[in-house]
1. At a 10 angstrom cut-off on C-beta neighbours, averaged per residue, how do the peptides A:22-34, C:41-53, C:753-765, A:69-81 rank from highest to lowest?
2. Please compute the average number of Cβ atoms from other chains found within 10 Å of each residue's Cβ in peptide C:62-70.
3. What lysines does C:K89 reach when the alpha-carbon gap must be under 23 Å and sequence neighbours fewer than 8 apart in one chain are set aside?
4. Taking amide hydrogens as modeled 1.01 Å from N in the peptide plane, which residues meet the under 5 Å criterion relative to C:D783, leaving out close sequence neighbours?
5. Identify all aspartates and glutamates with a Cα-Cα distance to C:K207 below 19 Å; exclude those on the same chain that are fewer than 8 residues away in sequence.
6. Going highest first, how would you order C:802-814, C:72-84 by mean Cβ packing within 10 Å?
7. Classify segment C:556-632: rounded, prolate or oblate, from the alpha-carbon gyration tensor (a ≥ b ≥ c, eigenvalue square roots; a/c under 1.5 rounded; otherwise prolate if a/b is larger than b/c)?
8. I'm a student and want to see the number: the projected area of the Cα convex hull of segment A:4-116, averaged over all directions, in nm².
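Please treat every number below as a calculation from the coordinates, not as lab data. Predicted, not measured: the structure shown is a model, and the values here were computed from it. Note that each Cβ is placed from the backbone with ideal geometry, even for glycine, and that neighbours are counted across all protein chains shown.
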Amino acid sequence: MSYRILIVDDEPNIVISLEYLMKKEGFQIAVATDGEAALQQASSFLPDLILLDIMMPKKSGFEVCQALRANPALAAVKIIMLTAKGRETEVAKGLALGADAYITKPFSTKDLVVQIKSLLG
Amino acid sequence: MIRSRLTAQRLAFLFLLGCFFFNYPLLSVFNRGGDFFGLPPLYAWLMGSWLALIAQMAWVVESRSD
Amino acid sequence: MLQGWVIVLASFLYLGILFAIAWYADRRADVGRSLIANPVVYALSLGVYCTTWTFYGSVGRAAASGIGFLPIYLGPTLLFALAGFILHKMIRVAKTNRITSIADFVASRYGKSQLLGGLVTVIAVVGVIPYIALQLKAVSNSFAILASYPEIIMPATAGAVPLLQDSALYVAMILAAFTILFGTRHLDATERHEGMVAAIAVESVVKLVAFLAVGIFVVWGMHDGVGDIFAQAATVPEVARRLATADSPAAYGTWGTLIFLSLFASLLLPRQFQIAVVENVDASHLSRAVWMFPLYLFLINLFVLPVALAGMLHFPGGAVDADTFVLTLPMARQQEALALFVYIGGLSAATGMVIVETIALSTMVCNDLVMPLLLRLPMLGLAAHADLSGLLLEIRRWAIVIILGLGYLYFRVAGEAYALVSIGLISFAAVAQFAPVVIGGLFWKGGTRDGALAGLAAGFVLWVYTLLLPSFAKSGWLPDGFIAHGLFGIELLRPQHLFGLTGLDEITHCLVWSLLANLGAYIGVSLQRVPNVREARQATLFVGGAEAAGIPGWHSTAGVGDLLPLAGRFLGLARAQEAFARHAQQRGLRGITELPADARLVSFAETLLAGAIGSASARVMVASVVKEEPLGIDEVMNILDEASQVRAYTRELEQKSRELTRATAELREANARLRELDRMKDDFISTVTHELRTPLTSIRAFSEMLQEDPKIDLAQRTRFVGIIVSETVRLSRLINQILDLAKLESGRAEWTVAAVDVAEVIHEAAESLTVLFAEKHVTLEFDGCEAGLIVLADRDRLMQVMVNLLSNALKFVPAGSGRVTVGADGTANEVRVRVVDNGPGIQVQDQEVIFDKFHQGAATTDVLTDKPQGTGLGLPISRQIIEYFNGRLWVESTPGAGAGFVFTLPRQAGDNGKVPQGDTVPGGGRGHKLPGGNS
């Protein structure tokens, strides 16, 4: 079995790194670079887990998270929010909107993998 | 009541009237012989005008007090 | 039947009844059910004006000069017509200041001056003593005449009778005793004597009824009515002359003078002031008195002329003194009861006058003469004495005895030279000296203590010289040479023809000179200076006006602990405590102990004391326990101009309030601006954090991956390291720009300002980007850009702006078909540079936002598929630079048709201003990204 992971971020270099990291762990990968694409991908790719950036064009990570949680078909998907803004209020807001975990950039690749595995496992 | 300005002014008018009644030159008009209903004219004038003045003063203050 | 003992018994019986009435009235007053709180009683008590002078003397004067007795009663009538203006005001002022006498009134008005109070007292005592002598003379004469019944014998002259056989002496002693009983049984804080007033009212009725009884008897008992008397009189030439008065200017002058004189006397005589002002219970009683008192005067004068004419007809040849006709006519017809009644009426008139006059004088002597002196004598130690109320009564009793003693002395020395009426007029002329300071003090704020002293002194001296001394001389007590020849034989100084003024009677003559000097000195000296603080304050209180209400009497405070014992020493502790308790109650407090130590309490204590010892002494005593802070000139101005001051304060207050409102609004606005700035700073830091963390994230992720997995193939490894390098470059650039912006915004940036040729800078910037343009296959064209467009600027900074704008344009134009045009031209005043591209353009709503810091992303992604690269700081930095050189930077764009960034700079004088020509530089090749951002 191999979990499906959707990577959502507008920074190409970060996407490259995450893609490489997840592939190495044996996950199936899809990528979206903005909020709207993320929602489309989520419906079609049906990921088990989404790595969701907050600061994105068109739709922010918060909006995407909210939309995902409002969709019963995707209710079970795990969401890890990634943000470069480390403010307490944003962490709280993310968790309140239904994110399962919250990781601040820059992150430790090891911790990220552990976190993903624990959520999926 | 005397406190009323109008009453005070009416009384002051009577003061001026009294000053006129009781002094020269009006007195000289009556200061002569003869008689006025058996009285000397000056005596009759002074007592008469005095009483009239008092009556006026009474009317001024008392008509205001009720 | 009319033996001596009967007359004496009747006299004492009458006085006993009077005393009983007084005692009863006092008792009623003590339980709060005043007998005299009645306008009729007030009007009747004013009848104290009519003394034996009226009772006996009017007939005498009528016998001497016909109708000439009448002005003495017309004057008071006219005064009461002015009651609304003068008396009412005096009563109001006296009540609020607890005035105890005419001396107190004058002293208080002119700054509570003890000296002034003393002078008024001296004038009053000296001036009124002849008048008291007149009463003694009348009573003793009437007793002697009645005792000789049925004979009608004129009494011997006073000087001829041995002292101990002189009935006048005993009359004086008896009156002194009664006055002490009436007036000084206890000390009242208000200095009011209810019992005395009740007795006086009764006496007024008795003397009026007695006189009317004589009149009716004479007119209808002895004759057939008034007409009969006048008809008979007309037949006797000697009597007929009295039917008309002398028809000469001097006679009319005297007539007018007497009206004027009596007008003031009925206000200013100590006893009149006492009854009309001090003893007044309620100012509203005045309105009844306005007509009732003149009516009383009218009635008591109704039969004067008929009685005088009848007396002259009945006792021809002047054998009987006309002053005694009232008594001798009934005696001549053997009307014993009527004669006795007339005698009692005369006694009534005398006792009433003497009691009220001496009580008033003794109060003045005690409060304004003796107490101030005693309190100033340190050896007596009175100021520290525990209870002075007994001493005060003692002083007053002695004052009464001494005043009556002086009256008797004058009677012995000078009394015989004059008729009753002439003696009275001497007193009238004396108290008329108070008129300028009293009336002036009520209506003129400019009067000063010095003016009042000068006026009173001048008037008094002239009165003494022109009236009193001649009266002594005519009695043989002084050599009379100076009357005929003047002082030191100087004709001009003849006392009754001073400075050659002749043709006037002695009273008019005295009044002309004394009042002229009095008024002149009062006004003249007063005008020497402006009133001082205390005078001004008292003037405002007396003259009044709206501003009088709020004037503080004291500028400092003292507690009950100081003031109550002080008041207790003069009033007795029980009375003082009672008064303080009442005061506390009025202020809505539960008891004395709750009274606060404030200026109001001090004023209350002073007023309370003023009732007992006079205002001037009260002030000194209160000042001894209260250290008053001196009033400053500012406060004087406040007092003098209270109303306008209040208006000014209000205006100032309104202005301050408006300023405050404005300041509050400004503060609120500033606060909102600060909040906004704070929020912006927060956002800025948050954004900077985000911008810094994004490259860091890539760097860390790739570094960790490289570290953990050494087996990554070389191509991957090279790619990852390349990313790490470019992200590091991005991070450094970002940090540099943030620092740059911070420097620009805080004004700490260093500028090297010089004349710069814009065209040169454009070409240089283009040069540095040639490779990048070539890489993307973008065409770079020049429009104008001729040399000679000189501006004052920092060349490097201007280069930074140009590079930023060009790389921005390069970023947004499509590769291959991209075209960027740089234009530069100049007008007379400015140089204008345009960087136009054929990229996607910028939405109208974003055309200003792009100049905000970090406002890249969302604003432009509508038209972009890729996230634009850059820090979002290039345009804000460029704008800061251009604006620093007084230029402007903005964007002109139609979405879908490219964008044009334009900046202007002020043109430096001295450049050639040539019209620029077109130029084109082709671009080509590939390369990495350049600094700057699209914003």
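1. Numbers: A:22-34: 17.4, C:41-53: 26.5, C:753-765: 19.3, A:69-81: 15.2.
Highest to lowest by the protection proxy: C:41-53, C:753-765, A:22-34, A:69-81.
2. Mean partner-chain Cβ count within 10 Å for C:62-70: 2.
3. In chain and number order, the partners are C:K112, C:K445.
4. Those qualifying (amide H under 5 Å, at least 5 residues apart or on another chain) are C:V822, C:G823, C:A824, C:D919.
5. Leaving aside aspartates and glutamates fewer than 8 places away in the same chain, those within reach of C:K207 are C:D323, C:E336, C:E357.
6. Numbers: C:802-814: 23.7, C:72-84: 25.8.
The most tightly packed comes first, giving C:72-84, C:802-814.
7. Values: a/c = 1.92, a/b = 1.21, b/c = 1.59.
Oblate.
8. Working: hull surface 24.4 nm².
Here the figure is 6.1 nm², rounded to one decimal.
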